[in-house]
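Shown next, in structure tokens, is the structure this report addresses.
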Amino acid sequence: MEKGKERGALIPGITRRTFLKASAATVAATGAIATNPWNSGMKALVTASENSQESEEKIFSSACRSNCFQSCRLNAHVRDGKLVKTTPAPWPDSEYTGCCLKGLSLVQRTYSPTRIKYPMRRVGERGEDKWERITWDEAITEIAEKFKQIQEKYGPRSLVFDVGSGNYGLVHGCLGIFNRLINSIGCTQLNVCYDQATGYGADRVVGGSVWLWGNEPRTMMDAKTIIVWGSNPVYSQPQNWRIAKDAQKNGTKIITIDPIYSATANESDEYIPIVPGSDLMLVLAMMREIMNNGLINIEFVKKRTTAPFLVRKDNGRILRKSDFNTDLPAEEDDYYVWNSVTNSAALLKQAPEDVAIEGTFTIQGVEVETVYTKLKNHVQEYTLEKASQYTKIPIEKIKELINVYVDGPTMIYTNYGIDHYQNGHLWSMAAFMMASLTGNIGVKGAGFTGLFVQNIPLNYIGMYVTNFNMADKESIPQTEFYKVVRDQAIGGKPYPVKAMYTTSSNSMSNWCEQNNWFTDILPNLEFIVVADIEMTDTARHADIVLPASFWFEVNDLRVAYNNPYIYMQEKAIEPLYDSKPDGEIIAMIARKMGLGQFFPEDMDDTAWIKVLLDSEDLRKMGITYERLLKEKVVRGTGSAEKPFVRGEGFFYTPTGRAQLYCEDPKPRVNYGQDLTGIIEKERLPYFKPPGEAWPENPLYAKYPLVFIQEHARYRSHSQWF
Ligand code: SF4
């Protein structure tokens, strides 16, 4: 081959190898090497590249485990024991294959100079960056003793585990083995409630907790229209966006509703700007128009929603058979509906020939109205005029949007953009009701996507449960944590909090109102431990920091988000420096705390993967450790020909129907707050303005501008900084 024309030559005469050598030499010559943040990564690349002819490249099946909700599968290329490259690994369904620049830059993260190299104890003030190196034995002994002392003195709940989403491994990450420890010592785990409002609102309509509301992204290919609502997948979920673009090429129209002319808006067929925080008003007005103008899918509404159920006017409860027979066994209970053929009351299980969805009736002296009537009356205040005034979208444009929406299948692409408003859950509650009214859910090409989570029956009990000394995961919402630490109480009741262990999270960077760390959290915590791969802000303010091994240095298992696979992640390189895998760190602490019987020395990450996969339900699905070891990746649900559509057969509600009235709305976290009057109000979605940036708020006169941000393209939460 002619010199300078080797395959992969960057420019004539310069090969990749000589380029890397030259780059390193240039950097060194200019003195920039001391400040080049990717110095170590570049060195690794150069060294491996120099030896590339001599050393054999090994490829390991791996993954990007950040929390961008994409779960890209990666090949980890290793030479001479060093990670030299990451490339997208193929999924069996090639529609999902790909990764973004963040995934391609993981060599740099692996060898980042900000890696924590060995255990350290703070010797200066918190945040002063004065540390002394200690051994693992010293670190683990001190942590275990302090945890035990604090739990004995202040009670088991005084030790708090703060777990973020910086590692989505099922053994070492945020769903992993730390659960086994916290469920053995009865401590507290902070309740992550500052997002997921989309799922919280969806749950009131279609069930499935905060997670199970989205379709497999491939189903976007079947949509006539995709409405990207309050989301910027071009930056935040590039793999999903690629599928949306494929759909667009096939004729699907993409409309983006967003206050910002985002990269996604730019790539869409139509952009509808909206006032921040007013999305809820828009969807309520759309529902009103749809109901008032007969644009509902009547068959779907009768058969798949609770529209025909009857609400008591005296107490707001759904009328049941047990209302007239309090001794009725629960399994014999039933819902009343109105038989429109016989014009009389009927029970649902009697399968009346036809049911009324509108009307007010009296049954055995009890006045009732249908759920549909109640909802329809409720939304009458949300007129097009009002919606246009609040959203600044012209009335004609809203009408056009309604016509497009009902002419489905229409899919709404959303995620956590709107849910950062205090009315976020009401928006998704209304949006899921609108989808249910129009039959735009539970069928191909319709429904919602943006967050697709699989319901895979792993053996979590085998991993999480030991002596039933279960952690308290409910009492402290993360957003209230600073108050609990400050007051050592919650809801007026004592709740001493003295120590914290943070893993997979740069909480100081990620939580809102960061000043609270300095005013309330740090001064009132006696002992803080952070296990991380990098010296984050949170780690800098800890008392002990522990070096965790990075994703490529451990074996792990993952159930993907936003694609339908379960996959193995093979250890590609040895743990760098003096780091240890998170799972091993947890086991060491547990053993020092006297819990060795639950964390035997011979249980490594492979053994825990086997525990997770030891499930009869999984075996019935044909998913075993041996199969995963061989194939690396196995589909957990649906197929390329028949991708998973949420709600196709039933919804995860007590009746299996989509609920157009939520009889028992639950608070996201019930920590003793005053709920007077709130439960009744939250049974139906209503317009609740944003907290501050709203014309009716007195602050608005002084601060009329609203500051909102786009999702950063090159970060996932605080990772890749
Ligand atoms: S950051 Fe997200 S899109 Fe990028 S490689 Fe990782 S999982 Fe994939």
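The values are calculated or read from the model by the stated rules, or taken from the named source; none is laboratory data. These figures come from a predicted structure and were not determined experimentally. We place every Cβ from the backbone using ideal geometry, glycine too, and count neighbours over all the protein chains shown. Protein only, heavy atoms only, side chains kept; ligands, DNA and RNA dropped before computing areas. Shrake-Rupley method; radii C 1.70, N 1.55, O 1.52, S 1.80 Å.
A few comments on the model shown:
- For the chain, the longest principal axis of the alpha carbon atoms and the long axis of helix 582-592 meet at an angle near 80°.
- Carbon and sulfur %, accessible surface of segment 451-541 computed with the full protein complex present, 1.4 Å: 50 percent
- Glu513-Tyr261 FRET efficiency (beta carbon distance; Förster radius 35 Å; 0.05 resolution): 0.75
- Percent of beta bridges antiparallel (DSSP, segment 502-641, rounded to nearest 5): 50 percent
- Subtracting the Cα-Cα distance of Asn455 and Thr624 from their residue separation scaled by 0.36 nm leaves 59.2 nm.
- Nearest 10 degrees, 0 to 90: helix 197-206 Cα axis against the chain principal axis: 40 degrees
- Entry note, the chain: the mean residue ellipticity at 222 nm calculated from DSSP H runs of n ≥ 4, each adding -39500 (n - 2.57), is -8000 deg cm²/dmol after division by the residues and rounding to the nearest 500.
- About its Cα centre, segment 215-449 has a charge dipole of approximately 380 debye under the convention of +1 per Lys or Arg Cβ and -1 per Asp or Glu Cβ, with nothing else charged.
- Heavy-atom accessible surface of segment 632-701, averaged per residue, reaches 52 Å², computed with a 1.4 Å probe.
- Over the chain, relative contact order from alpha-carbon pairs under 8 Å, at least 6 apart, %: 21 percent
- Were the residues from Lys702 through Asp602 laid out at 0.36 nm apart, the gain over their Cα-Cα distance would be 29.6 nm.
- Rg followed by Dmax, in Å, when the chain is reduced to its Cα trace: 27.7, 95
- Applying 0.36 nm per residue to the separation of Glu57 and Asp246 and subtracting their alpha-carbon distance, the gain on full extension is 64.7 nm.
- Given charges at Cβ of Lys, Arg, Asp, Glu: segment 324-400 dipole, positive-most of Val366, Trp338, Ala387: Ala387
- 31 Å Cα-Cα threshold exceeded, pairs from Lys313/Lys688; Lys249/Lys374; Lys399/Lys666; Lys130/Lys153; Lys473/Lys592: Lys249/Lys374; Lys399/Lys666
- Ratio Rg/Rh, restricted to segment 412-542 and using Cα atoms, in which Rh is the Kirkwood radius: 1.07
- DSSP finds beta bridges in the chain, and of those with both partners inside it, around 55 percent are antiparallel.
- With Cα atoms, 0 to 90° folded angle of helix 136-154 axis to the chain main axis: 40 degrees
- Label point distance in nm, Asp617-Asp407, each placed 7 Å from Cα along Cα→Cβ: 4.2 nm
- Rg in Å to one decimal, and Dmax rounded to a whole Å, for segment 215-449 via C-alpha atoms: 19.9, 61
- Residue (of Pro575, Val497, Ala531) at the positive-pole extreme of segment 466-617, dipole from beta-carbon charges: Val497
- Ligands, DNA and RNA left out, the 1.4 Å accessible surface of segment 215-449 is 47% carbon and sulfur atoms.
- Computed from the C-beta positions of Glu574 and Lys681, the FRET efficiency with R₀ = 51 Å rounds to 0.35.
- Surface per residue (accessible, 1.4 Å probe) for segment 215-449, Å²: 36 Å²
- A DSSP coil position with no more than 11 other Cβ atoms inside 10 Å describes none of the trypsin sites (Lys or Arg not before Pro) in segment 665-708.
- Cβ-Cβ distance of Lys392 and Glu367, R₀ of 35 Å, FRET efficiency by 1/(1 + (r/R0)^6): the value works out to about 0.30.
- Cα-centre dipole for the chain with unit charges at Cβ (Lys and Arg positive, Asp and Glu negative), debye to 20: 1320 debye
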